[in-house]
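The values are calculated or read from the model by the stated rules, or taken from the named source; none is laboratory data. Values in this document were obtained by computation on a predicted structure and should not be read as measured data. Using ideal geometry, Cβ is built from the backbone for each residue, glycine included, and neighbour counts are taken over all protein chains shown. These accessible areas exclude ligands, DNA and RNA; they are computed on the full protein's heavy atoms, side chains included. Shrake-Rupley method; radii C 1.70, N 1.55, O 1.52, S 1.80 Å.
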Amino acid sequence: MIDIKDIVIKENSWIAKLAAKKLKVPRVAIVLGKTIHLHNTTQQQFLLDTKWVKHELCHVQQFLRYGYFVFIIKYLWENMYNGYHNNKYEIEARKAE
């Protein structure tokens, strides 16, 4: 499993802000490659939430497994056809929690 020390965590990310708006949630973390983008939460708050950290680290592993662009395409395909909650990559990340 990847170590959190190998990850970049970006607070106040405009990318995460867009994701929060799309998902209609007050705070969000979104992974792109080895970077975890945060909206409406601090790095310290994020790191204190073990389940959330494990969830996002699973997404980092998915990026590493499939490659950056391939994973984005696979993830978006899953969202389009199965929805966010039933997206197999989200299911895997929830199991990793």
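All other residues with a Cβ under 12 Å from the Cβ of residue 85 taken together, and with Lys, Arg as +1 and Asp, Glu as -1, what is their net charge? Present the calculation step by step, with values, prior to reporting the outcome.
Working: positive: 88, 94; negative: 78, 90.
Charge balance near residue 85 sits at 0.
Near residue 10, the amide H atoms lying under 5 Å from its own belong to 36, 37, 38; only residues 5 or more places off or on other chains count, and H is placed 1.01 Å from N. Across the accessible surface of the chain, with the other protein chains kept in place and a 1.4 Å probe, carbon and sulfur atoms take up 57 percent.
Kirkwood Rh over Cα pairs of the range 25-68 into Stokes-Einstein at 4 °C, 1.567 mPa s: D in µm²/s? Don't skip to the end; give the middle numbers.
On the way: Rh = 10.8 Å.
In µm²/s, the coefficient is 120.
Among beta bridges identified by DSSP and lying wholly in the chain, the antiparallel ones come to about 60 percent. The count of lysine pairs in the chain with alpha-carbon distances below 12 Å, taking only pairs 8 or more places apart or on different chains, stands at 5.
Across the chain, C-alpha contacts under 8 Å between residues 6 or more apart give a mean separation that, scaled by the residue count, equals a relative contact order of 25 percent. When all protein chains stay in place and ligands, DNA and RNA are ignored, the 1.4 Å accessible-area order of 41, 35, largest first, is 35, 41.
Only Cα pairs under 8 Å and 6+ residues apart enter the sum, and on that basis the relative contact order of the range 16-64 stands at 33 percent. Each residue, residue 24 and residue 3, gets one label point 7 Å from its Cα in the Cβ direction; the gap between the two is 4.2 nm.
Annotation: extensible slack from residue 45 through residue 61 equals 3.6 nm (criterion: 0.36 nm per residue apart, minus Cα-Cα distance).
For residue 85 and residue 11, the difference between the fully extended length at 0.36 nm per residue and the C-alpha to C-alpha distance is 24.2 nm.
Counting heavy atoms of the protein chains only and a 1.4 Å probe, report the per residue accessible area for the chain as a whole number of Å². Intermediate values should be presented prior to the final figure.
Numbers: 6360 Å² over 97 residues.
Dividing the accessible area of the chain by its residue count gives 66 Å².
Dividing the Cα radius of gyration of the chain by 2.2 N^0.38 Å, with N the residue count, gives 1.00.
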